[in-house]
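This report concerns only the one structure given below.
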Number of protein chains: 4
Amino acid sequence: MSNKRVRMAMVGGGEGAFIGAVHRIAARLDGHIDLVAGAFSSDPARCLTTGAQLGLSPERCYPDYQSLLQKEAQLPADIRADFIAIVTPNHLHFPVAKMAIEQGFHVLSDKPATLSLREAKELEAVLSQHSSLYGLTHTYTGYPMIKEAKHRVATGQLGEIRKVVVEYSQGWLSQATDEQGKQAKWRLDSSKSGISCCMGDIGVHAANLAEYVSGLAITELCADLNHVLPGRALDDDGTVLLRFNNAAKGVLMASQIAVGEENNLRLRIYGDKASLDWSQMEPNSLWLRPHNTAATLLRAGVGELCDATMKALRTPAGHPEGYLEAFANIYSNFAAQITAFKAGDTATNEAFDVPGIHDALRGMAFITNAVEASTHDTKWHPFKMDL
Amino acid sequence: MSNKRVRMAMVGGGEGAFIGAVHRIAARLDGHIDLVAGAFSSDPARCLTTGAQLGLSPERCYPDYQSLLQKEAQLPADIRADFIAIVTPNHLHFPVAKMAIEQGFHVLSDKPATLSLREAKELEAVLSQHSSLYGLTHTYTGYPMIKEAKHRVATGQLGEIRKVVVEYSQGWLSQATDEQGKQAKWRLDSSKSGISCCMGDIGVHAANLAEYVSGLAITELCADLNHVLPGRALDDDGTVLLRFNNAAKGVLMASQIAVGEENNLRLRIYGDKASLDWSQMEPNSLWLRPHNTAATLLRAGVGELCDATMKALRTPAGHPEGYLEAFANIYSNFAAQITAFKAGDTATNEAFDVPGIHDALRGMAFITNAVEASTHDTKWHPFKMDL
Amino acid sequence: MSNKRVRMAMVGGGEGAFIGAVHRIAARLDGHIDLVAGAFSSDPARCLTTGAQLGLSPERCYPDYQSLLQKEAQLPADIRADFIAIVTPNHLHFPVAKMAIEQGFHVLSDKPATLSLREAKELEAVLSQHSSLYGLTHTYTGYPMIKEAKHRVATGQLGEIRKVVVEYSQGWLSQATDEQGKQAKWRLDSSKSGISCCMGDIGVHAANLAEYVSGLAITELCADLNHVLPGRALDDDGTVLLRFNNAAKGVLMASQIAVGEENNLRLRIYGDKASLDWSQMEPNSLWLRPHNTAATLLRAGVGELCDATMKALRTPAGHPEGYLEAFANIYSNFAAQITAFKAGDTATNEAFDVPGIHDALRGMAFITNAVEASTHDTKWHPFKMDL
Amino acid sequence: MSNKRVRMAMVGGGEGAFIGAVHRIAARLDGHIDLVAGAFSSDPARCLTTGAQLGLSPERCYPDYQSLLQKEAQLPADIRADFIAIVTPNHLHFPVAKMAIEQGFHVLSDKPATLSLREAKELEAVLSQHSSLYGLTHTYTGYPMIKEAKHRVATGQLGEIRKVVVEYSQGWLSQATDEQGKQAKWRLDSSKSGISCCMGDIGVHAANLAEYVSGLAITELCADLNHVLPGRALDDDGTVLLRFNNAAKGVLMASQIAVGEENNLRLRIYGDKASLDWSQMEPNSLWLRPHNTAATLLRAGVGELCDATMKALRTPAGHPEGYLEAFANIYSNFAAQITAFKAGDTATNEAFDVPGIHDALRGMAFITNAVEASTHDTKWHPFKMDL
């Protein structure tokens, strides 16, 4: 085995878990990462079954995350897992990450980073006391044309940003009968999901994407979160008006009850010179529309694109890459970051384009502020990092 | 000449006025209406030139609307204009309409109906004292597939409506240099335009369309209106959160500074069974998306469509009809309404699908409430009809 | 009445005729043309009814085209029709046009120009002996973005043309039960329609559009015409491979049995530098795609467009214009040509961008050559003008 | 390691080879296949480098395919490769496949299967004498919505098929300067590529897709192949008219000089009841258009889809899967076929939905017949399997 390869252990992601399988595909896709261990389920037998299906030896299929972290930590450096992929429901993200970091592992966590902003701050503190790397799978930032969008904004092609419209619409929780599905159940249960369903599950992606591409930071917000289906403890829909640190305005719409919508994440940014428009469901296209000039359709693989975009592509123009490839870009970048770290290099998340603790804090703050602001009668609220 | 034909006089719409020419095309298109007189310009010479270009005899080209209304009123019943088309800047809509009604003419007015809600209420009072018909050119309700959308909602195919998202984005006022254009100048001048530019010019169309199709009424709103370009007295962008009388929520976005946008009016309505999606720039398509079932693309002229839709179409499937045809539908419906009225029939706006005083009041109330709510620190405001 | 206005008489287009109503809307739309007379139907009573609906006086509703032409010719010059619009089934195009020209009228004929290439050559001879203007409603050349496409080719933006792909797919004749409709019946009857249904009705539009935009001429062809539904005397589908006078290759596909297609006319032209792509069903968009460079979407009303395009537009960007406006562009250009002619100017079809006898000859030759070539076992045939 | 896993050795695919990397991603994606050996390059040093990057031990990086096949054949059954992935230029497909089969390996080959139809027939003979499985990567058949399309045809939802239009347009060989690229060079060299460039590289995919989805077989063809750029020995563009065994007609267009096209593979099938339309660049959508009824947009993951489609998907609706996932479906199906074979089951290509020797023969016959027919003056040619 090449010493360039990185070893992964996974917590969560037993049979039937959607996101665990996705993480594994993402980890495998570029061939830099080997899955070597797992605590896939709270049911030890199910963990063993999953491990066997994945070609793991039984002794590295652990009955719980604590054993995994303790036992792996005792293995020789060239055998033990390099990093822990956390793909559990939300409430376990923090305890697993914390213990993993304390045991000397790097961590790549599904989002949202923690159950609360307070936990995110604790996570920040833990990280500051250890040398572990921390990555967060804000998948949508992994799309090549999103990197192009960020580049175009950063190089001034849109001019000064005036308005950001980001929307994330889904319909999968629109029916009462949808609530019993495995994915739905824990997301609607605040003990596992946190204080928000819609904003915590998808709104936070939208907010992250808006800040990632625009390079701006939300400073104020006006929130209207809804519990559309009767009896839901957590929001399933909502709109948040935004103000950014350059005075730009924004609108963030998120919904899980938008019947007929699949996974409609769309970002539009309007500058004083030009605007851009990107949709996750047609991710290889990016519209650039200057003022009163013919629009340009930037396409993955066609013409001049920035280095980050080209690096994120695997195929020539017209061979569509999608969600799994975007996800794999996060994994591959994180694997490269770990490899550089092992080689003794400074290996920041920024340098490797991996969402990290900064995004974790912003994301948890977004959720917290949105929920908080939604309960108030006053319109605008400062975006606070210390609720 | 057939006695089915209806005679029109026009106030406003001299050379260089965009909307006047559009109204004339709309009036001509179906061959039911003859332009017989006009007061096209405050400059009498220019009025004569325009009239000559339009084939009018000089004696029916009047130097001002007052003369037009007085002189036409004195002509024999089979010669005088049946109705007055008002295509001036906003501040003249009310005085012209009022005098026309008092002189016994029917009125078809460009929107917004008046300069203020107070004027709209006066207009309502004037109408109640006379037998004139009153129409308002909320053009977008004239599109065939919008009528289909309304029909699908009304017949329960979407189920109970939960959410309405309506957007009207343009970029034509995004540059300071745009402000000197003829169309821009009066719209940014509150003495001619009223208390709002963006909401008054296009937001009101969006609100009207949302209520027309959904059959719901806005009951509360939370508004954030913006003056994005420095020095503008009136709003050029804004978002309004909505609550409807059935508890549905809504988002209305309008902008004139959304660089790169042409005339992007889009309406989405989400019910508990299905959603619909319509865009003005591809007006012959209407998406219907049931929950977890393949989406249907309804197309003008294809398959079963409701009577109102079929009546609003002139060509078979695949022969695109557009904005001018939608506009002509309002004109033709109003001409039919006048003809029925002349024949002694009850001829309500509802029966002839012509936007009328109800829409005028709702529209002016929308503008007034949005501007008012935007100045307040509290989030939600009742949608009042008597500000 | 302004002396700039042009007077039209119509032959054909009684109640229930689709294309007659379309011609009348096109004639009315820009307000330059007055319908003053008609021989709308072979049934005199129906002719009177149609005339009355159109506001004509009974004495100018003629029982047949012969009377119309004879009687109108005897009216004073400032009253008689200036031109005859021919909207009958194909077999009458030539006799009506011939007699009209001989009586001193200008002619605007629906396509195809005649029933046969021989008739088209006779028409050419008749025109050469008279001073009448002759226009042919190849509607699709009236679209603004088609004029832009032609301009972009002519100014070298595509480089040398290498390949032309033009497709015209419809599904309306796909069912045996469709054959009894009024529109279907005569088109499938060779005595009224000529030697071809599909190529004569729509293939000829495709060929015309390809030559109009590319500026090239077809020189050879290989044809495969099909009679898909059993029992049809005329083709209802076909493909024609093309060679052009610059050695470019082409593919022309036409079908009336392509189930689910509405009126799908699409033109793609590939040069050595760039390609263009236009679809009639989204007519306000024109794609320009250079080699390995981001594609540009030219939109009606956005940015720099050529004069012919701007002249063909009535509304700002984002207000869709469609089929009727394209048709009206042909009418308005022909009206302008007549007005110039009356003023004593040279008024060629080229100068006024009106399809004329050249297009008539090319069109009839296309139909004739395609049908002829389809019956042969050899692959390639010269495109002959004298079959 | 799980005994469910399948071991792969690769021939070809050294650094810089596009398709080798794609095959490896496809093999890795679902986690059923381990790359255990390779002869990646004719340059042994480069082979070692590639192998090292891929985590292979040097002793399983072979200097040429012969050594690979001989040495691997001598390894114990639980260590040696199960199958050989052939990703070389075309001229090596046959010799490598033949020897691999003779040495007892299964083969998964890139297309076209061989350099000539004669070789394909030899391959068929070799296979008939051995028990090896043989798969061919006609990638596009791996798309979920293509499987849905096939299912809809097979279950009669389109009715009797009347017309098939398949197009594969690319622009990457449109410039003389493109010819020096590594990918271009061998494709334009008949000693490595065979008798055709455009038809052999992409036309064959189009023909395969048309037959796969329609369930029909081409029986006659009329071909017009072009050498658009001067000096090219092989075709870079062409159109082939088709007749199928049920009397349906077809048009196949392929081009590598269609400037501005990326990888535009599109399939339309028209039946007597409905049509379908699929584009590779938006692969998760499939249009179904019944006669004069609203069109349905089938989307990956939405509503009822057939088992083969669901099995080919990894993510919920709206999470786009693309080219690599389609490719991985071929690999995963082939791995499952091998596993079943090892378990003693009958394991036909049909049962596992893996393109095989039948497709190899049809494909080589298509290329051969198209090139042959293109040189003749007669229009139609029988599609022969024994040229």
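Observations, loosely collected:
- Close contacts from the stretch B:59-76, counting a first residue that is free of Cβ contacts under 8 Å to residues at least 12 places away in the same chain and a second that is among the acidic types (Asp, Glu) and surrounded by fewer than 14 Cβ atoms within 10 Å (Cβ to Cβ), with Cβ to Cβ under 6 Å and a gap of 6+ residues or different chains, come to none at all.
- Among the candidates C:Arg46, C:Arg28, C:Arg7, residue that is within 13 Å of chain B (Cβ to nearest Cβ) and in a helix (DSSP H, G or I): C:Arg28
Per-residue answers, yes or no, for (1) free of Cβ contacts under 8 Å to residues at least 24 places away in the same chain; (2) more than 24 Å from B:Leu216 (Cα to Cα):
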{"residue": "B:Glu321", "(1), (2)": "no, yes"}
{"residue": "B:Leu324", "(1), (2)": "no, yes"}
{"residue": "B:Ala335", "(1), (2)": "no, yes"}
{"residue": "B:Ala347", "(1), (2)": "no, no"}
{"residue": "B:Gly356", "(1), (2)": "no, no"}
{"residue": "B:Asn369", "(1), (2)": "no, no"}
{"residue": "B:Asp377", "(1), (2)": "yes, yes"}
{"residue": "B:Pro382", "(1), (2)": "no, no"}
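- Considering the stretch A:186-213, and only residues there that are of a type in the set (Gly, Ala, Ser) and over 17 Å from the mean Cα position of the chain (by Cα), the residue that is surrounded by the most Cβ atoms within 10 Å (Cβ to Cβ) turns out to be A:Ser190.
- Filter result for the condition that a residue is over 30 Å from B:His291 (Cα atoms) and surrounded by fewer than 24 Cβ atoms within 10 Å (Cβ to Cβ), over D:Gly303, D:Gly318, D:Gly344: D:Gly344
- Some residue of the stretch D:115-130 being touching a helix residue (DSSP H, G or I) at 6+ places or on another chain (Cβ under 9 Å) and within 13 Å of another protein chain (Cβ to nearest Cβ): no
- Flag if A:His23 is within 14 Å of chain D (Cβ to nearest Cβ), in a helix (DSSP H, G or I), at negative phi and not hydrophobic (A, V, I, L, M, F, W, C): yes
- Looking only at the stretch C:292-327, residues that are among the β-branched types (Val, Ile, Thr) and touching a helix residue (DSSP H, G or I) at 6+ places or on another chain (Cβ under 8 Å) come to 2 in all.
- Any hit, the stretch B:50-58, residues being out of contact with any Leu (no Cβ under 9 Å at 6 or more places or on another chain), more than 26 Å from B:Gly356 (Cα to Cα), among the aliphatic types (A, V, I, L, M) and in the same structural domain as B:Phe341 (by TED's automatic domain parsing): yes
- Qualifying positions in the stretch D:179-188 - within 12 Å of D:Asp236 (Cα to Cα) and at pLDDT 85 or above: D:Ala184, D:Arg187, D:Leu188
- When the stretch B:255-295 is filtered for residues that are crowded, with 19+ Cβ neighbours inside 10 Å, of a type in the set (Val, Ile, Thr) and more than 8 Å from chain A (Cβ to nearest Cβ), only B:Ile269 remains.
- Residue satisfying condition, being within 20 Å of D:Ser41 (Cα to Cα), of a type in the set (Lys, Arg) and touching a Phe, Trp or Tyr at 6+ places or on another chain (Cβ under 9 Å), within set D:Lys192, D:Lys98, D:Lys150: D:Lys192
- Qualifying residue in the stretch A:174-188 (condition: under 21 Å from B:Lys379 (Cα atoms), touching a helix residue (DSSP H, G or I) at 6+ places or on another chain (Cβ under 8 Å) and not hydroxyl-bearing (Ser, Thr, Tyr)): no
- If the condition is being more than 7 Å from every other protein chain (Cβ to nearest Cβ), in contact (Cβ under 8 Å) with a residue 24 or more places away in the chain and of a type in the set (A, V, I, L, M, F, W, C), then the stretch C:240-254 contributes C:Val240, C:Leu242, C:Phe244, C:Ala248, C:Leu252, C:Ala254.
- Single condition D:Lys311 does not satisfy, out of (1) more than 18 Å from the chain's Cα centre (by Cα); (2) within 12 Å of chain C (Cβ to nearest Cβ): (2)
- Among the criteria (1) farther than 27 Å from B:Ile25 by Cα; (2) free of Cβ contacts under 8 Å to residues at least 40 places away in the same chain; (3) of a type outside the set (Asp, Glu), the one B:Pro316 does not fulfil is (1).
- Test: residue in the stretch D:7-16 that is β-branched (Val, Ile, Thr) and in contact with a helix residue (DSSP H, G or I) (Cβ under 6 Å, 6 or more places away or on another chain): yes
- Of the residues making up the stretch C:337-377, those that are out of contact with any Phe, Trp or Tyr (no Cβ under 8 Å at 6 or more places or on another chain) and of a type in the set (Phe, Trp, Tyr) number 1.
- Candidate set from the stretch D:36-68 (those that are buried (at least 22 other Cβ atoms within 10 Å of the Cβ) and closer than 17 Å to D:Ser109 by Cα); member that is modelled with the lowest pLDDT: D:Ser41
The values are calculated or read from the model by the stated rules, or taken from the named source; none is laboratory data. Not measured: the values here are computed from a predicted model. Here the Cβ is made from the backbone with ideal geometry for all residues, glycine too, and neighbour counts use every protein chain on show.
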